[in-house]
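Down below is the structure, laid out as structure tokens.
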Amino acid sequence: MSLDFPTLRSRLLAWYDAARRDLPWRAAPGAASDPYHVWLSEVMLQQTRVETVRPYYERWVARFPTVQALAAAPLDDVLKAWEGLGYYRRARNFHRAVQEVAARHGGRVPGEPEAFRALPGVGRYTAGAVMSIAFGREEPVVDGNVRRVFARWTDDPAPAVDAQWRMAAALVPGERPGDVNQAVMELGATVCTPRNPRCGACPVRDLCAAFAAGTQNERPAPKKAKPLPHEDTAVPVIQRGGDVLLVRRPVAARLGGMWAFPQAIRHDAESVAAAAERAAAEGLNVAVRAGEALASVDHVFTHVRATYHAVRCTVVSGEPRAVRYDDVAWVPWARIGDYALPVAQKRIAALAGPHPLA
Ligand code: SF4
């Protein structure tokens, strides 16, 4: 069906002016946005809910208030500030991108779409959001909220990605392109929600084909979730006196740059104890003896489900070296909270260590 974009635009802007949420990264109506703050919020909000992001955002801006402050910070500090938000690749890429902005653009976030998109980790969505919201450029955005709203406007059970970007590109030109983009996303987040949308409060319901057909709850049709592969992972918790061994994961790996316990995926028919000893031998060039089982922790990543089996281990011979890791450290149990650890590793530490984590 063809959509009346001028009417959609003007209704959305009027609704947004009245109903928009007050969020710490949003400039007051009519005021200029800080591109670094807009960019940061967009990176944090990918895959993460607004209420989760809010305290992280506020702490981050207090700690790294400018591009220069973030660019100068060590990766360890950046990952520590991100700890608990997950999808750590976002933080690493953002840090690298901001360092490039400091080094190559004089600390000014580039407002030209091509230059901005050339930065690490900047995809089509982030570019559209930052260009339109912070620089007033007529650049489209499509995220999960936009996808759902568009699927309902057109009563399309399985909208094609390209068609959705074309719709977004047709909607955005005109006054206040950043607010138009934010209005669609806000509508999806607060009114046109995945289940039981509040169509009675919707400013565009007379233009919505799914509302007319009564199919709102089936648009878009839910995708069938594929079962995730499962990894059984042995985690040697190697202790010496009151210290435990942590490793820093290679930057290019899953959870790269984060601190963690060493680990190895268990082979078929291999015992957890044998896999824990192999993890130490291969990853650290050290012989350990596996002892008692300490804990099992499940964690779901985007593409895989993991079960971590923590096993107490003691060094038999050798001094651990970072063979498959970027660094190793003997850390007093009481200081483990100073290190940026992924959620599952924190749980292992809390279950396996003598000191509960702060
Ligand atoms: S009428 Fe209902 S389904 Fe259609 S856009 Fe509005 S809230 Fe969404």
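The values are calculated or read from the model by the stated rules, or taken from the named source; none is laboratory data. Everything quoted here is computed from the prediction, not taken from an experiment. Here the Cβ is made from the backbone with ideal geometry for all residues, glycine too, and neighbour counts use every protein chain on show. Heads up: the accessible areas ignore ligands, DNA and RNA and are worked out on the full protein's heavy atoms, side chains in. Shrake-Rupley method; radii C 1.70, N 1.55, O 1.52, S 1.80 Å.
Here are the numbers for this structure:
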| read-out | value |
| --- | --- |
| Separation in nanometres of the label points that stand 7 Å from Cα toward Cβ, at V323 and A213 | 6.0 |
| Rough spin-label spacing in nm, given labels placed 7 Å along Cα→Cβ, for Q68 and V161 | 4.0 |
| Ordering of 279-287, 323-331 by burial proxy (mean other Cβ atoms within 10 Å per residue, highest first) | 279-287, 323-331 |
| Cut-off 15 Å (backbone N to label point 7 Å along Cα→Cβ of R54), residues of segment 172-202 | 190 |
| Neighbourhood net charge (10 Å Cβ-Cβ; Lys/Arg +1, Asp/Glu -1) for D338 | +1 |
| Accessible-area order (highest first, 1.4 angstrom probe) of the listed residues E186, E277 | E277, E186 |
| Computed magnitude of the charge dipole of the chain (debye, nearest 20; Cβ of K, R +1, Cβ of D, E -1) | 280 |
| Calculated [θ] (222 nm, deg cm²/dmol) that DSSP helices of n ≥ 4 give over the chain, each run adding -39,500 (n - 2.57) | -12500 deg cm²/dmol |
| K223-D298 FRET efficiency (beta carbon distance; Förster radius 30 Å; 0.05 resolution) | 0.80 |
| Percent carbon-and-sulfur accessible area, the chain, ignoring ligands, DNA and RNA, probe 1.4 Å | 52 |
| Extension gain from I265 to Q47, taking 0.36 nm per residue of separation minus the Cα-Cα distance | 75.8 nm |
| Cβ-placed point charges (K, R +1; D, E -1), dipole of segment 135-236 about Cα centre in debye, nearest 20 | 320 |
| Whole-percent pair-distance distribution, where bins are 20 Å wide, for the alpha carbons of the chain | 26, 46, 25, 3 |
| Taking N as its residue count, the alpha carbon Rg of segment 230-352 over 2.2 N^0.38 Å | 0.95 |
| Centroid-to-centroid separation of segment 296-326 and segment 33-78 [C-alpha atoms, Å] | 30 |
| Probe 1.4 Å, protein heavy atoms only - accessible area per residue of segment 1-73 in square angstrom | 51 |
| Beta bridges by DSSP in the chain, antiparallel share as percent, to the nearest 5 | 70 |
| Solvent exposure, largest accessible area first (probe 1.4 Å, DNA, RNA and ligands not counted), of Y125, Y87, Y57, Y339 | Y87, Y339, Y125, Y57 |
| Beta bridge orientation in segment 230-352: antiparallel %, DSSP, nearest 5 | 70 |
| Alpha-carbon Rg with Dmax, taken over segment 5-218, Å | 17.7, 55 |
